[in-house]
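The values are calculated or read from the model by the stated rules, or taken from the named source; none is laboratory data. These numbers were taken from a predicted model, which means no experiment stands behind them. No Cβ is skipped: glycine too gets one built from the backbone with ideal geometry, and neighbour counts run over all protein chains shown. Areas reflect the complete protein model, heavy atoms only, side chains present, ligands, DNA and RNA absent. Shrake-Rupley method; radii C 1.70, N 1.55, O 1.52, S 1.80 Å.
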Amino acid sequence: MPEDRQATLDAADRFMDLHQDMMFVFKHNSVRSTTRINRIIRFTMIGMVVMMLAMLALVATFTSRMDEITRYMVNMADDIQQMRAAFDSVTADMEGMEQAVVQMDTKVATMPSMFHSVDAMGGHLGGMREDILSVAGQMDLIENHMISIGNTLYTMDRQLIDMTGTVGGIGRDVDVMSRPLSIFPNN
């Protein structure tokens, strides 16, 4: 009986030693896993902050470029409005010329007196000359506005090319900033 008791105590001691060893291994593995998870979370948070900063830079770039493009569009709209006014003036001058031709036709058709008709025709021709000069001036204004629109479109093209380069640079920066995250497992 004392031998059985001693054997039971030895078995209990071995079981307690085994239990303590297993608890040590479990705690050690748990601490390693927790440390690794904490490290992954930290790097992930850093990566998210970097990505957020890159996105803010991208939004700022788009916003600044859109303001410039809007300004060019407003300038172009002003030029088009001035061209419309010039076309309206040309239309009015053409109507005046048409009325002068109609009046000349009526003067020639009735011919009450050759002198009065020729005199009236001279007056109408003078009016037509003024209308033609006015049309020429309006055409010069239209040409200037077309040149201004061409310059504006060229500047907008340059700005869009610059913006494309900037967005490409931000893409490269995001790729470079995200490279440290590739050392972590995907799952």
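So if R0 is 35 Å, what FRET efficiency would Glu95 and Ile161 give, r being the distance between their Cβ atoms, rounded to the nearest 0.05?
According to the calculation, E is roughly 0.15.
How many nm is it between the label spots at Val31 and Ala11, if each spot is 7 Å from the Cα in line with the beta carbon?
Calculated label separation equals 3.4 nm.
Leaving out ligands, DNA and RNA, what percent of the accessible area of the chain is carbon and sulfur, probe 1.4 Å?
C and S atoms contribute 64 percent here.
What translational D, rounded to a whole number of µm²/s, comes out for region 27-69 from Stokes-Einstein when the hydrodynamic radius is the Kirkwood one over Cα pairs, at 4 °C and 1.567 mPa s?
Using the Kirkwood radius from Cα pairs, D works out to 101 µm²/s.
Any chance you could give the angle, 0 to 90 degrees and rounded to 10, that helix 2-110 forms with the longest Cα principal axis of the chain?
0
Compute the FRET efficiency between Met146 and Ile69 as 1/(1 + (r/R0)^6), taking r as their Cβ-Cβ distance and R0 = 25 Å, and round to the nearest 0.05.
For Met146 and Ile69, the calculated efficiency is 0.80.
Out of Ala120, Met48, Thr35, whose Cα points farthest toward the positive end of the dipole of the chain (charges: +1 Lys, Arg; -1 Asp, Glu; placed on Cβ)?
Positive-most Cα among the choices belongs to Thr35.
Which value in deg cm²/dmol, rounded to the nearest 500, describes the helix-derived mean residue ellipticity at 222 nm for the chain, given -39,500 (n - 2.57) per DSSP H run of n ≥ 4 and division by the residue count?
So the calculated ellipticity at 222 nm is -35500 deg cm²/dmol.
Given contacts defined as C-alpha pairs under 8 Å and at least six residues apart, what's the relative contact order of the chain, whole-number percent?
It comes to 37 percent, rounded to a whole number.
Taking every eigenvalue of the Cα gyration tensor of region 38-104, multiplying by 5 and rooting it, what semi-axes result, largest first, whole Å?
Calculated on Cα positions only, the semi-axes equal 64, 7, 4 Å.
So what's the angle, to the nearest 10 degrees on a 0 to 90 scale, between helix 114-178 and the longest Cα principal axis of the chain?
10
What figure, in Å² to the nearest 10, do you get for the accessible area of Val59 with a 1.4 Å probe and non-protein molecules left out?
Only protein atoms counted, so the area is about 80 Å².
Please compute P(r) over all alpha-carbon pairs of the chain, binned at 5 Å starting from zero, and give each bin as a whole-number percent.
All Cα pairs considered, the percentages come to 1, 6, 7, 7, 6, 5, 6, 5, 5, 5, 4, 4, 4, 4, 4, 3, 3, 3, 2, 2, 2, 2, 1, 1, 1, 1, 1, 1, 1, 0, 0, 0, 0.
Arrange the residues Tyr72, Tyr154 by how much accessible surface each exposes, largest first, with a 1.4 angstrom probe.
Ranked list, largest accessible area first: Tyr154, Tyr72.
Compute and list, largest first, the equivalent-ellipsoid semi-axes of region 1-59 from the alpha carbon gyration tensor, each √(5λ) rounded to a whole angstrom.
So the three semi-axes of region 1-59 are 56, 5, 4 Å.
Counting only heavy atoms of the protein chains, get the accessible area per residue of region 1-93 (1.4 Å probe) and round it to a whole Å² value.
It amounts to 82 Å² per residue over region 1-93.
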